[in-house]
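Here is the structure we will look at.
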Amino acid sequence: MLDVSLTPYDALLLYSFGGPNKPEDVVPFLRNVTAGKGIPDSRLEEVGEHYYGFGGKSPINEQNLALKAALEAELAARGLDLPVVWGNRNWEPYTRDAVAELEEIGAQRTVVLVTSAYSSYSGCRQYREDLAVTLDGLGKLGPEGSTTVQFDKIRSYFNHPGFAEANVDAVVEGFEALAAKGGDPRAARVVFVTHSIPTTMEAASRISHATYSEQHLDLAGVVAAQVSERLGFDVPWDLAYCSRSGPPSQPWLEPDVNDHLERLAGDGLRDVVLSPIGFVSDHMEVAYDLDTEALETAGRLGMTAVRAGTVGTRQPFVGGLVDLLLERAAIARGEDVDEATVGGLPAFRSVCAPGCCLRRDGEPSGIPALCSTDLQS
C-alpha cells in the first residue's frame, strides 16, 4: 500500500497536445504542429478541413478541462492538496504559460502527467523536449536541467490497471450498444485503434522495454480477455491504425482501420466494435477518423458498427492516475515501490534513459529532454 503523500511534489502539470478553439485558430495551430517541416498554408488549409467540419473547434481542450476537474475532485476526495496546472505543446495555454503559472503559485517541484498512455517519440519524448526547449528559451535551462520549477513525470501508463479497467468498461458498453443497434455481439469482432506512427519511430520506441505497437498489443490482449470474461464468450480482436500523415513513400504502421474493415467485410464479418484504445479522450482523431470516416466505411460495407468510448474521465482511469502520482512521489522519496501493472510487460521508467524514444531510430535529435538521466529535471 502506497503512503498517502505526494511529497515532494507541490503541483501537477496536466500536459497535452492542444487544439484550436475557433476557425481562425486552425491554420496557426497547424503551423505549430508542423513547425520546421516547410508545409505551405495552402496545404494546412486542406488539412484543416477536418476541423472546419466541426466548426473549427477541437474537442480536446474541453476534454482536458474535464479531466483537470476530475483529477482535482479525486485528489480532494483523498485529502490530497495538489494544484493542477494545464499546459499544451501546440496551443493555448502553451508550455510557457504553464511554467509561468507554476512559478506564480510558488511551485518548486512538479509532477508531469502527459495525456498519452504509451511510450514513443510523439507520446513522451516530444513533450519532454518541449519542456526543455521552452525553459531554454526563457533562460531557465542549465546543464543539469531546469533552474526554476523542477519537473518529474509519471511513467507511461498504458499497462496500469486503472487504464485497462476503464477500457474494459468502455468496450463492454460498446457491445451493449451494438446489441441495441440490432447487431449480434457473439458474432462481433473488436478492432482496437490507435494513432499510426512512422516505422522508424516505432523501432526507436523499443528502448522503453517494448515498441509502441507491442505496448498496444499487450494491453489489447488484456482488455479483450477481461471483456470476454465479463460477457461470457470469447471476443476476437485485432489492432489497426488511423491518422496516417506524411509522404506516401514513408512507411507507417498498418493496417489502416478503413482498409482493415474492408478485409473483415470480405471475410464475411458483419458486426464490429471499434475501440480507440490509443487515445485518452474523444479528440479530433477519434471524432473524424473513427466517428466519421471509419463508421462511414463500415456502413458502406453493410456492417453494424459502434465506436466504444475512450477512458475520458471514467473513475478507474482518474483514480488510477492519482495512484500513479502517489507511486511517483514514493519513488522520488527513495522508497521501494511495487509498481502495479497488467499484461506481460513491466512498468516503464519514470526517469527516461538517454536517447529514449527518438523521432528516428539511431538518429539523436540534438534536442535536450527533461525527466531523463541526461537532463534530470
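The values are calculated or read from the model by the stated rules, or taken from the named source; none is laboratory data. Not measured: the values here are computed from a predicted model. Quick reminder, even Gly has a Cβ in these numbers, built from the backbone with ideal geometry, and neighbours come from all protein chains shown. For accessibility, only protein heavy atoms count, side chains too; no ligands or nucleic acids. Shrake-Rupley method; radii C 1.70, N 1.55, O 1.52, S 1.80 Å.
Things to note:
- Of all DSSP-defined beta bridges confined to the chain, some 10% are antiparallel rather than parallel.
- Listed peptides 69-81, 303-315 appear in the order 303-315, 69-81 once ranked by packing, highest mean of other Cβ atoms within 10 Å at the front.
- Whole-number D in µm² s⁻¹ for segment 2-110, Kirkwood Cα-pair radius fed into Stokes-Einstein, 4 °C, 1.567 mPa s: 83 µm²/s
- Accessible surface comparison of F348, F54, probe 1.4 Å, protein chains only, largest first: the order is F54, F348.
- Multiplying each eigenvalue of the alpha-carbon gyration tensor of segment 273-377 by 5 and taking the square root yields semi-axes of 35, 21, 12 Å, largest first, rounded to whole angstroms.
- When T7, T95, T148 are compared by accessible surface with a 1.4 Å probe, the order from highest to lowest is T7, T148, T95.
- Mean residue ellipticity (222 nm) of the chain, computed from DSSP H runs ≥ 4 via -39,500 (n - 2.57), nearest 500: -11500 deg cm²/dmol
- Cα shape, segment 197-248, gyration tensor, a/c 1.5 rule: oblate
- For segment 11-130, the carbon plus sulfur part of the accessible surface works out to 49%, probe radius 1.4 Å.
- Cα shape, segment 31-173, gyration tensor, a/c 1.5 rule: oblate
- The Rg/Rh ratio for segment 167-323, using Cα coordinates for both the radius of gyration and the Kirkwood hydrodynamic radius, is 0.96.
- Potential extension, E229-D336 segment - 0.36 nm per residue separation minus Cα distance: 35.2 nm
- Span-like helix ranges in the chain, DSSP H, alpha carbon extent 15 angstrom or more, Kyte mean at least 0.5: 161-180, 315-332
- Fully extending the segment from A179 to A203 would add 4.7 nm, taking 0.36 nm per residue of separation and subtracting the current Cα-Cα distance.
- Å² per residue, accessible surface of the chain at 1.4 Å: 41 Å²
- Taking a straight Cα-Cα cut-off under 20 Å and skipping sequence neighbours fewer than 8 places away in the same chain, the lysines within cross-link reach of K140 are K153.
- Cα-based equivalent ellipsoid, the chain: semi-axes from gyration tensor eigenvalues, Å: 33, 25, 19
- For V47, solvent-accessible area (1.4 Å; no DNA, RNA or ligand), Å²: 50 Å²
- Extension gain, Q108 to E254, is 48.2 nm, computed as 0.36 nm per intervening residue step minus the present C-alpha separation.
- Modelled FRET efficiency - R0 22 Å, R31 with L138, Cβ distances, 0.05 increments: 0.55
- Anisotropy class of segment 223-273 from Cα gyration tensor, a/c 1.5 cut: oblate
- Rounded to the nearest 10 Å², the accessible area of Y157 at probe 1.4 Å: 10 Å²
- Ellipsoid semi-axes for segment 125-250, based on the Cα gyration tensor and the rule √(5λ), read 38, 18, 13 Å when sorted largest first.
- Where E104, E363, E262, E285 fall by accessible area, highest first, once all protein chains stay in place (1.4 Å): E104, E363, E262, E285
- Modelled label reach - R43, point 7 Å along Cα→Cβ, segment 230-265 residues with backbone N closer than 18 Å: 243-252
- Once all protein chains are placed together, H160 keeps about 10 Å² accessible to a 1.4 angstrom probe.
- Cβ-derived FRET efficiency at R0 22 Å, Y52 paired with E92, nearest 0.05: 0.70
- Reachable lysines from K22, criterion Cα separation under 26 angstrom, eight or more residues apart if same chain: K37, K57, K68
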